[in-house]
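Only one structure is covered here, and it is reproduced in the block below.
The values are calculated or read from the model by the stated rules, or taken from the named source; none is laboratory data. Not measured: the values here are computed from a predicted model. Neighbour counts are summed over all protein chains in view; Cβ atoms, including those assigned to glycine, are modelled from backbone coordinates with ideal geometry.
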Amino acid sequence: MSLLKRINEVDFTNEGKQDPAASPRKDGVRPKEPEVKIELQKFLISELKKKPNLSDEEQIYLIETEAMKFINEKNDRFSFEAKKELIDIVCHELVGYGPITTLLNDPDVSEIMVNGAEQIYAEKKGKLVMTDYYFRDNNHVLQVIEKIVSPLGRRIDESSPMVDARLPDGSRVNAIIPPLSLVGPAITIRKFPQNRLQVKDLINFGSLTEEMAQFLDACVKSKLNIFISGGTGSGKTSLLNIMSSFIPHDERIITIEDAAELQLLQDHIVSLETRPPNIEGKGDVTIRDLVRNSLRMRPDRIVIGEVRSGEALDMLQAMNTGHDGSLATGHSNSPREMMSRLETMVLMAGMDLPIRAIREQISGAVDLIIQQSRLKDGSRKIVNITEVIGMEGETIVLQDIFTFKQTATTEEGKVIGEHRSTGIRPYCSEKLERQGFTLPAEMFIGG
């Protein structure tokens, strides 16, 4: 049971007796906020205003100490547990993000979905569950959204009812409000793991094998242009983070994202982020603008968080004109489909190019496609590592190097399968060997 639910079920004015009628969603009736909580919150706001320059840690310490004094003066017969729960909730309101703060701090939660004030869903270990948490009303949800986007210089209102943002830890946030959202303000938060994932973690999770990791490490260091493809929530950004760690530390890296999420460990990194239009509809800076500008910044590597529009043309031109070793992600369900989507995105740039010319650009620019998928049991795996060979007539030729083959599903719904080499030695092996990487022949034995 949630802290907020438990606190609201306690009648603090009657020495902690349970209120049997109080339930957050029972018959659509939600309990009223206890008077002591409202008074405590007002008191702490006035105390915090007296010391405006405190850090988050200092604010939390002030809240905890002053709140305990206030509650003891108000009613010294509260149980210690009731006091602690009340202080936690008020602390979450003033320093955190309200009811979702506990979910944000839970390492088992990977995504949080707020559907208006009444419904908060969370993804735990790959499964979607409805939580006991809820907001006071729609204005309460809007206050939390403002708290997230304001420090980033972004805004959300009726004239601009959608926003992409990030939390201080890098977690991705999307918010949409009425009139576009009919259920009230909606928030979707995709959390970043507190401990940064390493390639060995993916091997332990069964997302890929040691041979696949060794092959990808050689490809990144040999400056192959790599595209990570996958559906929503399949783990593309996490994989991009891990693959970026293979880039040598003496190279200059330019990262380009809508909302900066990548957490690279190298020293020489310049992170670029798009900017939405101002209230007059002007001043926006797109991914395409940043890609073009990055070419003038002497990059050794260009890493694009997600390609979804006309910036695909500028990216392909960069890859074809000496900017090798670029990394990017895109949405698609298979490597072949990713090729088709790239064609479509190039056409979105507004250039009237023949399809054959576009395909030649793609086949000459992209060396490798990594297909990341989220399976039915919630696990995320690399299901294809596919090489782009070139053109054959009007068709781009693709060749699988590694695949994931599902063999069964347990009664609990867990997917059983294994990664396999297709038995084909990669066309890029010569380039890898020129860079000093000799991959053993056993790595590519099929079966």
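Quickly run through segment 119-131 and pick out the residues that are charged (D, E, K, R) and at pLDDT 90 or above. Break it down stepwise before answering.
If we filter segment 119-131 for residues that are charged (D, E, K, R), which is where we start, we get 123-125, 127.
Of everything in segment 119-131, just one residue is charged (D, E, K, R) and at pLDDT 90 or above, namely Glu123.
Give Pro185, Pro277, Pro178 a once-over and let me know the one that is over 29 Å from Pro299 (Cα atoms), surrounded by fewer than 17 Cβ atoms within 10 Å (Cβ to Cβ) and not small (Gly, Ala, Ser).
Details: Pro185 fails: surrounded by fewer than 17 Cβ atoms within 10 Å (Cβ to Cβ); Pro277 fails: over 29 Å from Pro299 (Cα atoms).
Every option except Pro178 fails the conditions.
Do you know which residues across segment 204-248 are touching an Asp or Glu at 6+ places or on another chain (Cβ under 6 Å) and either surrounded by fewer than 20 Cβ atoms within 10 Å (Cβ to Cβ) or outside the structural domain of Phe404 (by TED's automatic domain parsing) (or both)?
Result: Lys223, Phe246.
With the condition kept exactly as written, say whether any residue in segment 282-289 is touching an Asp or Glu at 6+ places or on another chain (Cβ under 8 Å), outside any helix (DSSP H, G or I), free of Cβ contacts under 8 Å to residues at least 40 places away in the same chain and exposed (fewer than 14 other Cβ atoms within 10 Å of the Cβ).
Going residue by residue through segment 282-289, those that are touching an Asp or Glu at 6+ places or on another chain (Cβ under 8 Å) are 286-288.
With outside any helix (DSSP H, G or I) added as a condition, the list becomes 286.
Those left that are additionally free of Cβ contacts under 8 Å to residues at least 40 places away in the same chain: 286.
Add one more test, that the residue is exposed (fewer than 14 other Cβ atoms within 10 Å of the Cβ), and what stays is none.
No, segment 282-289 contains no residue that is touching an Asp or Glu at 6+ places or on another chain (Cβ under 8 Å), outside any helix (DSSP H, G or I), free of Cβ contacts under 8 Å to residues at least 40 places away in the same chain and exposed (fewer than 14 other Cβ atoms within 10 Å of the Cβ).
Scan segment 345-357 and report the pairs whose first residue is assigned by TED's automatic domain parsing to the domain that holds Leu316 and over 18 Å from Gly390 (Cβ atoms) and whose second residue is among the hydroxyl-bearing types (Ser, Thr, Tyr) and surrounded by 11 or more Cβ atoms within 10 Å (Cβ to Cβ), with Cβ atoms within less than 7 Å and a gap of 6+ or a chain change.
Met345/Ser309; Met348/Ser309
So is Asp377 buried (at least 18 other Cβ atoms within 10 Å of the Cβ), in contact with an Asp or Glu (Cβ under 9 Å, 6 or more places away or on another chain) and of a type in the set (D, E, K, R) or not?
Values: buried (at least 18 other Cβ atoms within 10 Å of the Cβ): no; in contact with an Asp or Glu (Cβ under 9 Å, 6 or more places away or on another chain): yes; of a type in the set (D, E, K, R): yes.
Criteria not met by Asp377.
Of the conditions (1) of a type in the set (Gly, Ala, Ser); (2) part of a strand (DSSP E or B); (3) free of Cβ contacts under 8 Å to residues at least 60 places away in the same chain, Ala213 satisfies every one except a single condition; which number is it?
Going through (1) of a type in the set (Gly, Ala, Ser); (2) part of a strand (DSSP E or B); (3) free of Cβ contacts under 8 Å to residues at least 60 places away in the same chain one by one, Ala213 breaks only (2).
Against the condition surrounded by fewer than 18 Cβ atoms within 10 Å (Cβ to Cβ) and modelled with pLDDT of 70 or more, how does Asn115 come out, does it pass? Spell out how you get there, then give the answer.
Numbers: surrounded by fewer than 18 Cβ atoms within 10 Å (Cβ to Cβ): yes; modelled with pLDDT of 70 or more: yes.
So Asn115 passes the test.
Working only within segment 102-161, note down all residues that are more than 28 Å from Val415 (Cα to Cα), under 20 Å from the mean Cα position of the chain (by Cα) and small (Gly, Ala, Ser).
Ser150, Gly153
Assuming Val303 fulfils every condition listed in (1) in contact (Cβ under 8 Å) with a residue 40 or more places away in the chain; (2) in a helix (DSSP H, G or I) apart from one, which condition is it?
Of (1) in contact (Cβ under 8 Å) with a residue 40 or more places away in the chain; (2) in a helix (DSSP H, G or I), only one is false for Val303: (2).
Name the pairs whose Cβ atoms lie under 6 Å apart, with the first residue in segment 373-390 and outside the structural domain of Ile362 (by TED's automatic domain parsing) and touching a residue at least 40 places away in the same chain (Cβ under 8 Å), the second crowded, with 18+ Cβ neighbours inside 10 Å and part of a strand (DSSP E or B), and 6 or more positions between them or separate chains?
none
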